[in-house]
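Below is one structure, written out as structure tokens, with a few remarks after it.
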Amino acid sequence: MSTSEFLERVQSSLQPQIIASKVYVGELTITVSPNDLYLVMKQLKEEFGFNYFVDIVTVDHFREEKRFEVNYNIVNLEQGKRLRVKTFVEEDNPVLESVVSIWPAANWHEREAYDMMGIRFQNHPDLRRMYMPEDFEYFPLRKEFPLIGIPGSIQMPEKDPPKEYK
């Protein structure tokens, strides 16, 4: 099956849930609502063979509506097809359904999105911080987080004195 036929099949099957779609360099990106995300992802694995979960990429657009963009990159290894599934969540309630029950490899990716951006995943088996302390109140990849960090929020290690160049 050619790439265009495969992409048309995916688009036509998921048409009711797709808000927007775009093909770039032979790769399809579909945008779905947060409420449809879990069912679309399950259908993509079961019906279309997207058996490899690559990663999750989050973007903070720092705007009033649809502030956070969440991109899931998945691959059908048998047919060599790549797909990007995109959704948006609001700042006041950045919650998505976890896809760990579909792809266990999503576990750490969802934890990282939570730790760095503050996006929570319902029904995640172990949603806790990875890099930052559990009591840390901020999310370092959000646009409003200062580049120099927040003084006093985390105890920093003492700096080593400069070393001599030999």
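Nothing in this text is a laboratory measurement; each read-out follows from the coordinates by a stated rule. From a predicted model like this one, the values you see are computed outputs, not experimental measurements. Heads up, the Cβs are rebuilt from the backbone with ideal geometry, glycines too, and the neighbour counts pull from every protein chain shown.
A compact table of results
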| quantity | calculated |
| --- | --- |
| Helix 106-117 vs. the chain, principal-axis angle (Cα, 0 to 90°, nearest 10) | 50 degrees |
| Potential lengthening between R128 and R9 on full extension [0.36 nm per residue; Cα-Cα distance subtracted] | 39.1 nm |
| Helical contribution to [θ] at 222 nm, DSSP H n ≥ 4, -39,500 (n - 2.57), averaged over the chain, rounded to 500 | -6500 deg cm²/dmol |
| Long-range Cα-Cα pairs in region 18-69 (distance over 16 Å), rounded percent | 57 percent |
| Two-site FRET efficiency, L141 against T29, from Cβ-Cβ distance with R₀ of 25 Å, rounded to 0.05 | 0.70 |
| Angle in degrees between helix 3-14 and the longest Cα principal axis of the chain, rounded to the nearest 10 | 90 degrees |
| Sorted by Cβ density within 10 Å, fewest first, the residues F50, F68 | F68, F50 |
| Mean separation of Cα contacts under 8 Å, 6 or more apart, over the residue count of the chain: relative contact order % | 16 percent |
| Label selected from [x] 109; [y] 180; [z] 210, the criterion being volume of the Cα convex hull per residue in Å³ as computed here | [y] |
| Contour minus Cα-Cα distance for E158 and Q17 (0.36 nm per residue) | 45.5 nm |
| Between helix 37-48 and the chain: long-axis angle, C-alpha atoms, 0 to 90°, nearest 10 | 50 degrees |
| From phi via Karplus (6.51, -1.76, 1.60), per-residue ³J(HN,Hα) for region 136-143 in Hz, x at Gly/Pro | 5, 8, 10, 10, x, 8, 6, 4 |
| Highest-first arrangement of 35-45, 142-152, 121-131, where packing means the average Cβ count within 10 Å | 35-45, 121-131, 142-152 |
